[in-house]
Amino acid sequence: HCFFYGTLMDPHTLARVLGVSSRPELHPATVHGFRAKLWGEYPVLLRDESSAEAIHGMAYPFRSLAELRRLAAYETEMYRIEVGEATTDNNGSMVLAYVFVWDGEESLLREGHFDLKDWQL
């Protein structure tokens, strides 16, 4: 799985990035052990095992290494991939998921909240 917490939660954006015409299979999920900030208008996660913050997003069961490469290209070199535990909201099961985590200077970030609906507008 991959865990998305920003623009890739939008099925149309995810389909475009993956190069598919069908609606991707997304499941509401939550991760812990991270804290969120903003890079411009985009959300980023920082690893922080002491954080009590629940990060809400979507889990996507990616189908190939090619898909993972497309996702990494979309996220740019400003992110690195880490493994996290995502809890799916529909049945509470835990899945291991790749999480795109900020890999730049923290001084470029600010406090704030990403709202997918606002971004979609």
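Worth pointing out:
- The set of residues in the range 74-89 being of a type outside the set (S, T, Y), without any contact (Cβ under 8 Å) to a residue 40 or more places away in the chain and part of a strand (DSSP E or B) consists of R80, I81, E82, V83.
- Within the range 35-59, the set of residues being free of Cβ contacts under 8 Å to residues at least 24 places away in the same chain and of a type in the set (S, T, Y) comprises S50, S51.
- Of all residues in the range 51-60 being outside any strand (DSSP E or B) and among the hydrophobic types (A, V, I, L, M, F, W, C), the one that is nearest to T88 (Cα to Cα): A54
- Residue check for A59: touching a Pro at 6+ places or on another chain (Cβ under 9 Å) and under 12 Å from G6 (Cβ atoms): no
- Residue tally, condition within 12 Å of L46 (Cβ to Cβ) and surrounded by fewer than 16 Cβ atoms within 10 Å (Cβ to Cβ), over the range 83-107: 4
- The set of residues from the range 57-71 being hydrophobic (A, V, I, L, M, F, W, C) and crowded, with 16+ Cβ neighbours inside 10 Å comprises M58, A59, F62, L71.
- Odd one out for L71 among (1) at pLDDT 95 or above; (2) in a loop (DSSP other than H, G, I, E, B); (3) hydrophobic (A, V, I, L, M, F, W, C): (2)
- Answer residue from the range 90-121, given it is small (G, A, S) and without any contact (Cβ under 8 Å) to a residue 24 or more places away in the chain and is farthest from M58 (Cα to Cα) among those: S107
- Scanning the range 1-50 for residues that are touching a Gly at 6+ places or on another chain (Cβ under 7 Å), part of a loop (DSSP other than H, G, I, E, B) and surrounded by 14 or more Cβ atoms within 10 Å (Cβ to Cβ) turns up Y5, G33.
- When the criteria are applied in full, A97 meets the requirement of being within 25 Å of R23 (Cβ to Cβ), assigned to a strand (DSSP E or B) and in contact with a Gly (Cβ under 8 Å, 6 or more places away or on another chain).
- Some residue of the range 72-82 being under 14 Å from T7 (Cα atoms), of a type in the set (S, T, N, Q) and open to solvent by 30 Å² or more (accessible area, probe 1.4 Å): yes
- Residues in the range 14-34 that are in contact (Cβ under 8 Å) with a residue 40 or more places away in the chain and hydrophobic (A, V, I, L, M, F, W, C): L14, V17, L18, A29, V31, F34.
The values are calculated or read from the model by the stated rules, or taken from the named source; none is laboratory data. Because the structure is predicted, anything quoted here is derived from the model rather than measured. As a convention, Cβ positions derive from the backbone with ideal geometry for all residues, glycine included, and neighbour counts pool all protein chains shown. To get the accessible areas, we keep the full protein, side chains included, count just its heavy atoms, and leave off ligands, DNA and RNA. Shrake-Rupley method; radii C 1.70, N 1.55, O 1.52, S 1.80 Å.
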